[in-house]
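Values quoted throughout were computed directly from the atomic coordinates according to the rules given, and no laboratory measurement underlies them. Nothing here was measured: the structure is a model prediction, and the numbers come from that model. Please note: Cβ atoms are built from the backbone with ideal geometry, for glycine as well, and neighbour counts cover all protein chains shown.
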Amino acid sequence: MKKEERFCKTCNKKKVEDEFHFFFHCSTLDSTRKAKFKPILDDNVETTIMNDHEKLSWLIEKDQIKEFSRVLVNLYQDRQGSNLEEARVTGCLGPHCGEL
Ligand SMILES: [Zn+2]
């Protein structure tokens, strides 16, 4: 499957699911992201003018990496939850189930 066809099945908005979509954009994960991510980003006003690549580079710097990894676990669990919901409906286990 080509990268540009690998749409996110969590939000079903025909967005390519890459790390940036998952970290910053997927609407299904908005509430988790707002609750867990925003406090970290709000800590540094510069993040508001960063693009996604800069934001990610900043997040994996050593002062933030611990908090960031905790947020990732939360986002991942949230996404798993949504995909399991989907799996009950379609019998498919998410974006990569056909590739396993
Ligand atoms: Zn999405």
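Couple of notes before you dig in:
- Entries in 15/62; 14/66; 15/38; 2/36; 15/55 that, when Cα-Cα distance is taken, lie over 26 Å: 15/62; 14/66; 2/36
- In degrees, nearest ten, helix 65-90 long axis to first principal axis of the chain (Cα): 20
- 15 Å tail of the calculated P(r), the chain, as % of Cα pairs: 64
- With contacts taken as Cα pairs under 8 Å at a separation of at least 6 residues, the chain carries a relative contact order of 29 percent.
- Across segment 39-46, rounded Karplus estimates of 3J(HN,Hα) from the backbone phi angles (6.51 cos²θ - 1.76 cosθ + 1.60, θ = phi - 60°) give x, 5, 5, 5, 4, 10, 4, 4 Hz, Gly and Pro being marked x.
- Net charge contributed by nearby residues that have their C-beta within less than 13 Å of residue 53 (K/R +1, D/E -1): -3
- Simple Cβ-charge dipole of the chain, Lys/Arg +1 and Asp/Glu -1, about Cα centre, in debye nearest 20: 340
- Values of log10 I(q)/I(0) for segment 19-72 across q = 0.15, 0.27 Å⁻¹ run -0.36, -1.28, by the Debye formula with one identical scatterer at each alpha carbon and no solvent.
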